[in-house]
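Laboratory data are not the source of any read-out in this text; all were calculated from the coordinates shown. The structure displayed is predicted, hence computed values, not measured ones. Cβ sites come from the backbone with ideal geometry, for glycine too, and all protein chains shown count toward neighbours.
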Amino acid sequence: MNKHIVVIGAGVAGMEAAGQLSNAGFNVSLVEKDENTGGHLNGWYKLFPDRRRSSEVKDYLDKLINKDGIKVISGTTIEKLVNINGIFSLETREGTEMTADAVVVATGFDLFKSSRKEEYGYGIYDNVITSSDLEEMFRKDKIVLVDGRVPENVGIVHCVGSRDEKVGNLYCSKLCCITAVKQAIEIRELLPETRVFCFYMDMRMGGAHYEEIYREAQEEWGINFIRGKVSEVSESIRKKLIIKAEDTLAGRPLKMELDMLVLMAGMEMSEGGRILAKSAGLETGENRFFASADNHFGSNISNIPGVFYAGTCTAPMNITETISHARATVSDVLNYFKNRS
Amino acid sequence: MQFDPFVIPFNIGLYFILIYAVVRSVRWFSNLSRPDKLRLQRGFFGRAFGQSLKEIFMESLIHRKILKSNFRLGFMHMSLAFGWFLLILFGTIEADIFGEKHLNAPYKAIFFKFFNPDHGRAGFEAAYSFWMDLLLAFILSGLLIAVIKRFSSKVVGMKKTTRLRVLDKVALTSLWLIFPSRLLAESFTSGAYGTGSFLTGFLGSLLASFLPAQQMAYPFWWLYSLSLGTFFILLPLTRYMHIPTELFLIFARNSGITTGDQPGAFTEIQTYSCSSCGMCIDACQLNFSAGITNIQSAYLLKGIRNNENVSDIAFNCLMCGRCDQVCPVGIELTPIRMIRRRAGETEPVQTSIWKKYLPDRLDIMPVKTNGKTSYSFLPVEEPAKTDVLYFAGCMTHLTPAIGNSMVRIFDASGVNYSFMDAGGGVCCGRPLMLSGQDREARELINFNSQLIWKSGAHTLVTSCPICYKVFKESYYLDVEVLHHTQFINMLIEEGSLKLNFLRKKVVYHTPCDLGRGSGVYDEPKEVLKHVVRLQNTNFENEKSLCCGGSLGNIKISYQEKNKIARDTAAELTRENPDILATSCPLCKKILAGATETKVADIAEIVAEAITVPMLKKNTPKPASCLRKNVIVY
Ligand code: SF4
Ligand code: SF4
Ligand code: SF4
């Protein structure tokens, strides 16, 4: 079996899919737009639910793709994908071309650009940061304000760019609630004197161990969960952030002074995915992610025979789900070739 | 005496409509408020009268405004109205000169050919016949366009034409029949007598060559008279009522009467003046962007005339004022819509057809509110004494980059100012007004008025056109209200703000409430020309588009708003500007989500252009209310 498969995107999904396809005997090219593999994994420090270091997952994936049957082509962006009689021709932005017998799209997600919600002041007020900026601080083991002080009061805003009709994203990004809980605990661990307030619409604790961590956050770490959306943020002359929100449980408006605000940016279809969808004629759903052929038994299958999906390019997923989803691609690819021959 | 029974339908119709016009005018006049009555009386003996005659000639007959914006549509209206007018005028003169005697009954002019079939053989008579034929041809050409427009509105350069009711259709048919039946009647008569000019004479001899012209003529004279009579009798029940009403409207408007915010006779007159020309439909972005095709002003007015419940229509509107700008009759459409909003839900009334000739007043009772609104729970802060008060407004608090830029501009200019709602304030009141809740809005206005008054400021600067409009129009304050673009322009002109020139291409989007709503068009552009290269768009000033995010519409979905926003942004960024500038926080927010181009308020651009020494020289002295700590309450 000398079939050649191109996997687009070397994040968690792409690496896992490439590794497993190679194990199944295929020749695999793994194309990545960045210089390094790993995708968003490189941005996180410790992962929920068990706070394993992301580098450990990265190590596992690196080992998986480090074999003869896999060619890693980094720094390369696929812009065009055409199907010529069952052979796929892929064009890169850099001008090179390659062919494949099947393609696995693992273009992943982009974090919602928080500056699009101007009322939260990202990019305007220094101490408004995103969940991914905070991970950076965790990695350095140091949470400080721009002026070097330690924050006394930190707010965390859930659902930034998710479940928000005004930015055109009706869906839930699924991981930000648990990320918020994880990060809240981590802040308290690093800064025991600091108070943390989470502003949520509802807590979506659907994954394994999530609910337990949420309980721990309240009972052991004294994190304040306030139900209500933050409506606007302003800055006082002393560089404090003043937030306005509505406490919908207490049924009253709320105004609070904070030192730092962390925005739980949601997940959006990646730009690379959008370009590919357009050029190849891959169908997308109302949420702009790739639309799978079937919600129940075809979540890896696209509208073009021979093109498959893996991971968060189809919907928000956590790492566990992404890895399972990527592995499932292999059986769809095998079936595809079996039915063709 | 010359008489024939066929003239009876015309006579009945004509005298009916004349008497009707008088009765209706008297009723309108008596329904006007006292000051408006006085205005009208003064207008009658003053300049307004002459002005009105001129306007009636230019707009009701020539249709200058429609001609300017859409030639084919204008020609259609002009040939029907002006042509008919000339035909009557010269017909009367004709009957007077060549007829049996001087000063004839009107029917003798209208049916001149029937009573004087031999007329027009040679010399001056023939020349006059030629002229009359020419007029008839002029009208018929317009009629042809009208018929085509009914079936395909694109021919006259319009995207949509208005939908009709049964009675309108009958009236329309009789209107359409008038001139062809006149043509045939005159032609047959001419054919039988060998008279007539290039049109009736030619057609007459052609028809006479194979038809018994003498016998054929008579039924067409009946048809002509009948269609005239039917049209006149039905006119008050149909949209053609706009013809006599518009005359009254022009006179009332020239006398200085305006819609105001209460229902009344003037609103009613305007409602009946709509010619259903459909120009407002074509101008409406809800129509051409969002595909909502049943709420435009023509339909609102039609609904009001038919006593329907128009609440849904009244609230499904951006209040952008684009239709006010294009309406050739000059109806104050947005104020009329506001009045209907205040009315809330109304009961549809079914009236008998007879009642419709003299309908009840289109009055509406204001909605009753339960209890009294009060904002007494809000903490009252004593504002610091200052010269200039800055009110950012709720929308600016959602776009903090604008507020920040204003603070920098104030600081750099060295003006003694105070930031009235730095820690959040009370709404200006306009959103409530737009949803028809004036009384509740009044409470907010009172609350803010007190703060402003206590500060002793002489100038109030606001960043939001929505606030600006309400401060200007509905607050009774002795301060100068300026939009920040006007204020910045003033600073630049008097030299207290030194700016660098930024090498950027910028287009400017005029916000509805600042432009059409408040008439501020130039200052924002002046400011921009100071700091950047300003590009032109196809939608300048009065023609500017709405961003789609209007607070005025609480009926449409986010998707529909977004569609309008994307279309607007695409139009404005055609020339690939570096920045799409606007001067409204709401426009900024909406447009920013609809385009890849950078969207910024003029204040942000100006703040970026402030020369550095400026910033150093005037060390920021924060307003006192900024220094106060805001804690949880
Ligand atoms: S996971 Fe939580 S924070 Fe994220 S979008 Fe869903 S509800 Fe909002
Ligand atoms: S005000 Fe604007 S949205 Fe409303 S009917 Fe007129 S053009 Fe349409
Ligand atoms: S409201 Fe004005 S523009 Fe609209 S149909 Fe009537 S006359 Fe024409």
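Note on the stretch B:5-238: with charges restricted to the Cβ of Lys and Arg (+1) and Asp and Glu (-1), its dipole about the Cα centre is near 1520 debye. The dipole here belongs to the stretch B:463-581: it is taken about the Cα centre, uses +1 on the Cβ of Lys and Arg and -1 on the Cβ of Asp and Glu, and is about 560 debye. Annotation: the antiparallel percentage among DSSP beta bridges lying fully within chain B is about 5.
Helix B:465-474 versus the longest principal axis of chain B: what angle, 0 to 90°, nearest 10, using Cα atoms? The two axes meet at around 70 degrees. The phi-based Karplus calculation (6.51 cos²θ - 1.76 cosθ + 1.60; θ = phi - 60°) puts the 3J(HN,Hα) values of the stretch B:124-140 at 4, 4, 5, 4, 5, 4, 4, 4, 5, 5, 4, 4, 4, 5, 4, 5, 4 Hz, whole numbers, x for Gly and Pro.
Applied to the stretch A:85-94, the Karplus parametrisation 6.51 cos²θ - 1.76 cosθ + 1.60 on θ = phi - 60° returns per-residue 3J(HN,Hα) values of 6, x, 9, 9, 10, 10, 10, 9, 4, 6 Hz, with x for Gly and Pro. Averaging 1/r over every pair of different alpha carbons in the stretch B:171-300 and inverting the result gives a Kirkwood radius of 18.1 Å. The coefficient of translational diffusion for the stretch B:505-609, derived via Stokes-Einstein from the alpha carbon Kirkwood radius under 25 °C and 0.890 mPa s, stands at 180 µm²/s. Pairwise Cα distances in the stretch B:555-613 exceed 19 Å for 34 percent of all pairs.
Across all C-alpha atoms in the stretch A:1-131, the radius of gyration and Dmax reach 17.6, 57 Å.
The alpha-carbon atoms of the stretch A:114-267 define a convex hull whose volume equals 111 cubic angstrom per residue. Packing-based ranking of B:326-335, A:94-103 yields B:326-335, A:94-103, ordered from highest to lowest mean Cβ neighbour count within 10 Å. Springs between Cα atoms under 10 Å define the GNM used for chain A, and in it the highest mean-square fluctuation of A:Leu41, A:Leu30, A:Leu254 occurs at A:Leu254.
Normalised by 2.2 N^0.38 Å, where N is the number of residues, the C-alpha radius of gyration of the stretch B:77-119 stands at 1.19. Peptide packing for B:265-277, B:561-573 was compared via the average number of neighbouring C-beta atoms within 10 Å per residue; ordered from the highest value, the list is B:265-277, B:561-573. Of the chymotrypsin sites (Phe, Trp or Tyr not before Pro) found in the stretch A:234-297, the ones in coil according to DSSP and having at most 12 other Cβ atoms within 10 Å of their Cβ are A:Phe297. Only DSSP H runs of four or more residues enter the estimate; each adds -39500 (n - 2.57), and after division by the residues of chain B the mean residue ellipticity at 222 nm equals -17000 deg cm²/dmol. Normalised by the number of residues in the stretch A:114-267, the average gap of Cα pairs under 8 Å and 6 or more apart makes the relative contact order 32 percent. The phi torsions of the stretch A:322-330, fed into the Karplus equation with coefficients 6.51, -1.76 and 1.60 and a -60° offset, translate into couplings of 4, 5, 4, 4, 5, 5, 5, 4, 4 Hz, rounded to whole numbers, with Gly and Pro shown as x. Using the charge dipole of the stretch B:1-119 (Lys, Arg: +1 at Cβ; Asp, Glu: -1 at Cβ; taken about the Cα centre), state which of B:Phe49, B:Phe111, B:Leu80 has its Cα farthest towards the positive end. Projecting each Cα onto the dipole axis, the largest value belongs to B:Phe49. Taking the alpha carbon gyration tensor of the protein assembly as shown, multiplying each eigenvalue by 5 and rooting it gives semi-axes of 68, 39, 24 Å, largest first.
Restricting the trypsin sites (Lys or Arg not before Pro) of the stretch A:125-203 to loop positions (DSSP other than H, G, I, E, B) with no more than 12 neighbouring Cβ atoms within 10 Å leaves A:Lys140, A:Lys142, A:Arg149.
Computed log10 I(q)/I(0) for chain B at 0.08, 0.12 Å⁻¹: -0.70, -1.23, from the Debye equation with unit scatterers placed on every C-alpha and solvent omitted.
Divide the volume of the convex hull around the Cα atoms of the stretch B:5-238 by the residue count and you get 164 Å³ per residue. Based on the Stokes-Einstein relation at 37 °C and a viscosity of 0.692 mPa s, and on the Kirkwood radius from alpha carbon pairs, chain A is assigned a translational diffusion coefficient of 155 µm²/s.
Amide H contacts under 5 Å for A:Ala315: none, restricted to partners 5 or more places along the chain or on a different chain, H placed in the peptide plane at 1.01 Å from N. Counted by Cβ distance under 14 Å from B:Tyr558, the other residues give a net charge of +3, where Lys and Arg count +1 and Asp and Glu count -1. For the stretch A:246-341, the list of trypsin sites (Lys or Arg not before Pro) that fall in a loop by DSSP and count at most 16 other C-beta atoms within 10 angstrom reads A:Arg288. Looking at the protein assembly as shown alone, DSSP beta bridges between its own residues are antiparallel in about 35 percent of cases. Our summary gives chain B a relative contact order of 12 percent, counting only alpha carbon pairs under 8 angstrom and 6 or more residues apart. Taking a quarter of the surface of the Cα convex hull of the stretch B:258-342, what do you get in nm²? That works out to 4.9 nm². Here the contact order of the stretch B:155-283, divided by its residue count and restricted to Cα pairs under 8 Å and six or more residues apart, works out to 28 percent.
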